[in-house]
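Derivation of every value follows stated rules applied to the coordinates shown; laboratory data play no part. The shown structure was predicted, so the numbers you read here are calculated from the model rather than taken from an experiment. Virtual Cβ from ideal backbone geometry, glycine too; neighbours counted across all protein chains shown.
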Amino acid sequence: MSEDETTSLSIDTQTLGTMHAADIADLFEHTTPTEHALIMSILDAEKRAELLVYLDARERRDLLGLRSPAQIAELVGELESDDAADVIGELEEQTQIRVLAAIESEDPNEAQEVRALMDYPADTAGGLMQAEIASITFGATASEALEALRASQDDADSMHFIFVTDQQGRFIGVVRMARLALAHPNSPIAEIFEPKFVDVQAHVDQEEVAQLFAKYDIITLAVVDKNEQLLGRIMVDDVLEVWAQEADEDAFRMVGSDADELQYQHNPFRLAFIRLPWLLINLVGSAATGWMLYLFQGTLIDHIVLITFVPVITAMAGNVGAQSAMIMIRNYAAGRDQERSVWRHLGRESITGIFIGGPCGILLGVGATLWHGSWHVGLIVAISLFLVMTVSAIIGSLAPSIFRRLGIDPAIAAGPFVTTANDLIGIAIYMLVAATVLSSL
């Protein structure tokens with residue numbers, strides 16, 4: 001280690017042991033790979049393992065790429081089972097096999113737990129859950145519950161409940177730590193346990209899991225199989241990550257991209273590949289808008305002033321549609337996706353479209369009349385804008401529901417695809433209204 005390297009991290013060397021792993025991960029973004037090795041050598045085993053969880057995928061991959069399977073196994077052995085499964089799951093297949101073999105040689109039960117968790121898709125309840133739980137049967141006593149807790153002492157600091165099962169291992173309730181601490185050692189669990197009010201099956205999507213946490217304001221959720229056998233637990237900190245992931249996905253998809261951008265942000269070619277398909281859709285849609293104007297060239301040539309309002313029509317169509325789509329997407333994200341709610345929202349947005357389309361249409365119509373001195377131009381743009389804004393509000397409400405039924409993320413409904421569709425419909429309405437009004441003069 002050079003003197004310069006030691007000097008550059010002299011302050012951190014003194015404080016790294018007291019820093020949170022998330023802050024150390026931030027430090028990685030501003031230091032070199034050589035300094036990364038220095039940081040890792042300073043940290044204790046537990047803090048090194050915890051750091052892995054907070055590093056981004058690229059930094060974690062680079063860091064683990066310098067270590068042998070045995071060294072990786074030693075690191076992930078300090079992690080909770082869900083984090084260990086996530087870290088190992090990012091490795092190449094052959095490395096995964098070697099790391100799991102190294103873990104198994106030290107702790108067969110831990111290796112079995114990690115393998116079981118890796119079998120679940122990452123975006124399901126099973127992929128989020130931890131295998132570390134303390135559980136007792138309904139017929140036990142408070143002292144036996146304490147013994148179960150002592151047996152899980154390595155994970156006791158993150159346990160808020162002891163889970164209670166029946167004789168067949170089915171989850172039936174919990175015992176809070178406070179009640180257990182105050183109970184007489186011989187008190188039956190039946191006197192201090194609370195019957196379950198919610199659990200989740202392992203195959204359920206992570207977004208639905210997050211909605212359960214928000215709905216019931218809980219910090220721990222039991223995970224069960226189809227027979228209600230207790231499998232593990234999900235902690236609220238993992239759900240916070242889910243909310244962040246879902247927000248990232250929605251934000252990227254609403255601009256025609258993908259959350260994979262975060263993983264490949266240092267690869268311009270990959271970023272271009274991710275963005276290009278949606279931009280091509282937008283390109284085709286824009287070209288179709290031009291083609292539609294070409295179809296109505298006769299109307300436009302005779303009344304060229306109409307073309308000055310095309311940008312207004314398309315902009316208002318896109319904006320109104322995006323607003324309505326966003327409200328519906330927010331309903332889905334909050335779990336309010338019942339059919340009755342969808343139709344109620346559709347009706348509300350239709351009326352809203354009428355109320356905002358009317359004033360906007362009148363305002364633009366009056367402006368067009370004063371500008372061009374032609375009442376029929378004002379009438380065309382007034383009627384067109386009113387209809388376009390009303391129809392766009394309806395499309396914006398319907399599109400997320402349609403995408404959801406097709407198994408596509410509704411967030412796409414607020415992106416370039418639907419915006420382009422609204423542009424096309426807006427131009428079609430504008431030209432049809434113009435042709436109708438002008439033919440009646």
Picking from Val99, Tyr430, Trp243, whose Cα lies most toward the positive end of the charge dipole for the chain (charges on Cβ: Lys, Arg +1; Asp, Glu -1)? Tyr430
quick note, the stretch 135-250, DSSP beta bridge pairs, % antiparallel (nearest 5) is 75 percent
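In what sequence do Lys47, Lys215, Lys196 fall when counting other Cβ within 10 Å, fewest first?
Exposure proxy ranking, most exposed first: Lys215, Lys196, Lys47.
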Could you give the length gained by full extension between Glu241 and Thr32, i.e. 0.36 nm per residue of separation minus their alpha carbon distance, to one decimal place? 72.5 nm
Which one of Val223, Ile362, Asn109 is farthest out on the positive end of the charge dipole of the chain, using unit charges on Cβ (Lys, Arg +1; Asp, Glu -1) and the Cα centre as origin? Ile362
Could you size up the charge dipole of the chain around its Cα centre, putting +1 on the beta carbon of Lys and Arg and -1 on that of Asp and Glu, and report it in debye to the nearest 20? 3020 debye
Which ³J(HN,Hα) values in Hz, rounded to whole numbers, follow from the phi angles of the stretch 386-397 under the Karplus curve 6.51 cos²θ - 1.76 cosθ + 1.60, where θ = phi - 60° and Gly and Pro get x? 4, 5, 4, 5, 5, 5, 5, 4, 5, 4, x, 6
Would you order Thr34, Thr314, Thr220 from fewest to most other beta-carbon atoms within 10 Å of each residue's own beta-carbon? Thr34, Thr220, Thr314
Report the convex hull volume per residue for the stretch 171-233, counting only C-alpha atoms, in Å³. 92 Å³
For the chain, calculated [θ]222 nm from helices alone, where every DSSP H run of n ≥ 4 adds -39500 (n - 2.57): -21000 deg cm²/dmol
Roughly speaking, what is the stretch gain from Ile354 to Ser187, that is 0.36 nm per residue apart minus the C-alpha to C-alpha distance, in nm to one decimal? 53.6 nm
In debye to the nearest 20, the charge dipole size for the stretch 56-119, taken about the Cα centre with +1 at each Lys and Arg Cβ and -1 at each Asp and Glu Cβ, equals 320 debye
Which residues does a label at Ser439 reach in the stretch 371-398, if reach means a backbone N under 18 Å from a point 7 Å past the Cα toward the Cβ? 377, 380-381, 383-384
Sort all Cα-Cα distances of the stretch 3-124 into consecutive 10 angstrom bins from zero, then give the percent of pairs in each bin up to the one containing the longest distance. 13, 44, 30, 12, 2
To check my understanding: the extent here is largest minus smallest coordinate of the Cα atoms along each principal axis. What are those three numbers for the stretch 259-439, in Å, largest first? 56, 43, 24
Lysines within cross-link reach of Lys226: Cα-Cα under 28 Å, excluding same-chain residues under 8 positions apart? Lys196, Lys215
What percent antiparallel are the DSSP beta bridges of the chain, to the nearest 5? 75 percent
Taking θ = phi - 60°, what integer Hz values does the Karplus form 6.51 cos²θ - 1.76 cosθ + 1.60 yield along the stretch 111-119, in sequence order, with x for Gly and Pro? 4, 5, 4, 5, 4, 5, 5, 5, 6
When the distances between all Cα atoms of the stretch 353-441 are binned every 5 Å from zero, what whole-number percent does each bin get? 3, 15, 19, 20, 16, 11, 8, 5, 3, 1, 0
Take the Cα radius of gyration of the chain and divide it by 2.2 N^0.38 Å, with N its residue count; two decimals is plenty. 1.33
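Trp375 to Ser152: extension gain in nm, 0.36 nm per residue of separation minus the Cα-Cα distance?
So the chain would gain 72.1 nm between Trp375 and Ser152.
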The long-range amide H neighbours of Thr124, using H built 1.01 Å from N in the peptide plane and a cut-off of under 5 Å, are Gln206
Directionally averaged shadow of the stretch 135-250, computed from the convex hull of its alpha-carbon atoms, nm²: 7.5 nm²
